[in-house]
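Comments concern the structure below.
Please treat every number below as a calculation from the coordinates, not as lab data. Please read these numbers as outputs of a predicted model, since none were measured by experiment. Here Cβ is always computed from backbone atoms with ideal geometry, including for glycine, and neighbour counts include all displayed protein chains.
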Amino acid sequence: MIVTFEQEKSIIRTLLQRLNASEEEASATAEVLAEGDLRGFASHGLLRLPYIIRALKRGTIIANAKVGVVRETPATALIDGGHGLGHHVAMRAMRLAIEKAKKQGIGAVGVHNSNHFGIAGYYAEMAVREWLIGIVTTTTDALVHPWGGVEPLLGTNALAIGIPSKPSPILLDMAMSVAARGKLVEALKEGKPIPEGWAIDSRGRPTTDPKKGLEGALSPFGGVKGYGLAFVLEVLAGPLVGAAAGREVVGTLEPVEGYCTKGDFMIAIDPAAFGSADEFKVRVQRFVAQLKGSRKAPGVEEILVPGEPESRTREKRLREGAPIADEVWAELEQLAKELDVKLEKR
């Protein structure tokens, strides 16, 4: 099943507006979900839409949410997302961080009372498009076991860092787990095993069965180092911004009862606050050229910088469309039928 970028956005907007989402909310959600599929993050693309639709029906995500700033200084702000669509709330948060960075040199914005916001890299890239550095992190339900433990107590806590550069920006976007939970869900839907090292079962043993991995816990990337990074990011996007941490984070998977308790933390930095912005660009470009021109390991054709693989996938899928799992499409068709919407296939 192949869906074009514009087709996917149209589907998402139509379904969300049927559930009383505003045009702004629906468009923001459509943009970020479709970008997820374009960049190869199927776990954060159209696959997430059924979860959102069910949450809107239940009222655990609120359409036309009241989003507002509850605390502010010239360089910082705290946003209450009003339990609205996370993609829309996160866009507003990064826009505010960008606005502050342009005035103060740096802008830091925290968010609570929001929902899952898709790929973190999208918001870091918002800053990059303004020739600013963007840093984004967020919490999730407890899915990752601590180093030396077997219980899921940490979120996957994505970290995205975007750096403006020519000819293309640098964009690091990664979870603190070896793999995102959505990849296990995707493997389960497709009936495929997962690589060993991605997860442990409920008894703490490594498993290649996605079902057992979902019942157990995801493993932190890089062992103790990934665990340590996941921990500090949980504090920044949790207690710092008035959101939950650990087992108290709920609702990022599918808000069944009550509201989502996650948090987000976003920073925008103007390189000009630290010196010449032009010189910064030159030095970054020189460093990238140094890396890409360095001696390669046997069998390696090219050294890539963060964001290049996703950028190339995006370009290809803009031309050819993004693949959507048949099971995801079938689930979406059923939900669309309930909303009296007919999905058009390519």
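GluC sites (Glu not before Pro) within segment 122-230: which are DSSP loop residues with at most 12 other Cβ atoms inside 10 Å?
Answer in residue order: GLU196.
First measure r as the distance between the Cβ atoms of ARG283 and TRP329, then evaluate 1/(1 + (r/R0)^6) with R0 = 41 Å and state the FRET efficiency to the nearest 0.05.
Efficiency, rounded to the nearest 0.05: 0.35.
Between ASP340 and GLU302, what is the label-point separation in nm under the 7 Å Cα-to-beta-carbon projection?
Each label point is offset 7 Å from its Cα along the Cβ direction, giving 5.0 nm.
Stretch VAL235-PHE274 to full length: gain in nm at 0.36 nm per residue minus the Cα-Cα span?
11.3 nm
Rounded, prolate or oblate, given the Cα gyration tensor of segment 1-133, with a/c below 1.5 counting as rounded?
oblate
When SER27, SER276 are ordered from fewest to most other Cβ atoms inside 10 Å of their Cβ, what list results?
With the fewest neighbours first, SER27, SER276 line up as SER276, SER27.
Which of the lysines could be linked to LYS337 by a straight reach, that is with a Cα gap under 19 Å, when you skip same-chain ones fewer than 8 residues away?
Correct list for LYS337: LYS9, LYS57, LYS345.
Mean separation of Cα pairs under 8 Å and 6+ residues apart, divided by the residue count of the chain: what relative contact order is that in percent?
The value is 22 percent.
Within 10 Å of each candidate Cβ there may be at most 14 other Cβ atoms; applying that plus a DSSP loop requirement, which GluC sites (Glu not before Pro) in segment 278-328 survive?
Counting only loop positions with at most 14 other Cβ atoms within 10 Å, the GluC sites (Glu not before Pro) in segment 278-328 are GLU301, GLU302.
Amide H neighbours of ASN157 under 5 Å, counting only residues 5+ apart in sequence or on other chains, H built in-plane at 1.01 Å?
Those qualifying (amide H under 5 Å, at least 5 residues apart or on another chain) are THR140, MET176.
Check cross-link reach from LYS102 to the lysines: straight Cα distance under 23 Å, and skip same-chain residues fewer than eight apart.
Output for LYS102: LYS166, LYS281.
By the gyration tensor of its Cα atoms, with a ≥ b ≥ c the square roots of the eigenvalues, what is the shape of segment 142-231: rounded for a/c under 1.5, prolate for a/b over b/c, or oblate?
Taking the square roots of the gyration eigenvalues as a ≥ b ≥ c, segment 142-231 is oblate.
At a 10 Å Cβ-Cβ cut-off, how would you order LEU16, LEU172, LEU153, fewest neighbours first?
Ascending number of Cβ neighbours within 10 Å: LEU172, LEU153, LEU16.
Report, by chain and number, residues whose modeled amide H sits under 5 Å from the one on LEU253, excluding near sequence neighbours (fewer than 5 apart, same chain).
Hits under the 5 Å cutoff: ASP141.
Using 0.36 nm per residue, how much length does the chain from GLU215 to VAL150 gain when fully extended, once their Cα-Cα distance is taken away?
22.2 nm
Of ALA187, ALA230, ALA245, which has the largest mean-square fluctuation in a 10 Å C-alpha GNM of the chain?
Residue with maximal mean-square fluctuation among ALA187, ALA230, ALA245: ALA187.
Taking amide H positions as placed in the peptide plane 1.01 Å from N, state which residues far from ILE170 in sequence (5 or more) or on other chains have amide H under 5 Å from it.
It is ILE163, SER165, by chain and number.
Under a GNM of the chain (C-alpha, springs under 10 Å), which listed residue has the highest mean-square fluctuation: PRO152, PRO298, PRO195?
Taking springs between Cα atoms under 10 Å, the residue moving most is PRO298.
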